[in-house]
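Trainee: Supplied in structure tokens, the structure appears directly below.
The values are calculated or read from the model by the stated rules, or taken from the named source; none is laboratory data. Since the model is a prediction, treat every value here as computed from it, not as a measurement. We place every Cβ from the backbone using ideal geometry, glycine too, and count neighbours over all the protein chains shown. Just the protein is used for accessible areas: all its heavy atoms, side chains included, with ligands, DNA and RNA removed. Shrake-Rupley method; radii C 1.70, N 1.55, O 1.52, S 1.80 Å.
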Amino acid sequence: MERTLVIVKPDGVQRGLIGEVIGRLERRGLKLVGLKMLQMSEALAREHYRVHEGKPFFEGLIRYITSAPVVVMVWEGPQAIEIVRRTMGATHPAEAAPGTLRADYCLEVRRNLVHGSDGPETAATEIALFFKPEEIVSWQRDTDRWILE
Ligand code: DAT
Ligand code: MG
């Protein structure tokens, strides 16, 4: 099983799309194992996006992600990282495949609705940045036998 960090970014919260993001991942069959709402501090945002430090869009990205509350989640499932990334769509909404979240709800890369970890190491680091181990809930889901063989 894999775990991945998903963030409904400030635009998603402001636009009332928290439920839409959760609903898609939930209907897909992924299991929600962690959830919180918070407004990122500048320090937390800089840490979360540290790989992008120095890029031309970095300061704007920090202003955007700290501008209003976000919803941060951990989702679990086989190949959860890849499955979430494909459900989100490409970083640039114009390139996002039809039916993905970013294609259905976004126009601009600076307002692209969701974050999803991009690999196993990133996922582990990002989950640890936002969640204490005891805030992640390992739970039995009775429908799992109808979703996973
Ligand atoms: P993703 O969020 O799909 O993992 P990323 O990690 O490359 O994309 O970039 C992180 C975020 O930074 C992205 O969601 C939006 C912003 N960003 C990336 N490229 C950008 C660009 N060329 N101009 C403005 N913002 C950009
Ligand atoms: Mg990324």
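Trainee: Return the pair list, or none, for Cβ contacts closer than 8 Å from residues in the stretch 110-121 that are β-branched (Val, Ile, Thr) to residues that are away from ligand 2 (no atom under 11 Å from the Cβ) and part of a strand (DSSP E or B), at least 6 apart or on different chains.
Mentor: Filtered contacts from the stretch 110-121: 114/6; 114/8.
Trainee: Given the structure, is residue 33 under 19 Å from residue 137 (Cβ atoms) and within 16 Å of ligand 1 (Cβ to nearest atom)?
Mentor: In short, no.
Trainee: Which pairs turn up if I take residues in the stretch 45-71 that are within 15 Å of ligand 2 (Cβ to nearest atom) and look for partners that are open to solvent by 30 Å² or more (accessible area, probe 1.4 Å) and acidic (Asp, Glu) with beta carbon separation below 9 Å, at least 6 apart in sequence or on another chain?
Mentor: Close Cβ pairs satisfying both conditions: 46/53; 62/42.
Trainee: Could you please let me know if residue 123 is within 14 Å of ligand 2 (Cβ to nearest atom) and either within 12 Å of the chain's Cα centre (by Cα) or among the small types (Gly, Ala, Ser) (or both)?
Mentor: Yes: the conditions hold for residue 123.
Trainee: Could you go through the stretch 6-19 and let me know if any residue there is closer than 22 Å to residue 133 by Cβ, in contact with a strand residue (DSSP E or B) (Cβ under 6 Å, 6 or more places away or on another chain) and part of a strand (DSSP E or B).
Mentor: yes
Trainee: For residue 22, are the conditions met, namely being closer than 15 Å to residue 114 by Cβ and touching a helix residue (DSSP H, G or I) at 6+ places or on another chain (Cβ under 6 Å)?
Mentor: For residue 22, the condition - closer than 15 Å to residue 114 by Cβ and touching a helix residue (DSSP H, G or I) at 6+ places or on another chain (Cβ under 6 Å) - is not met.
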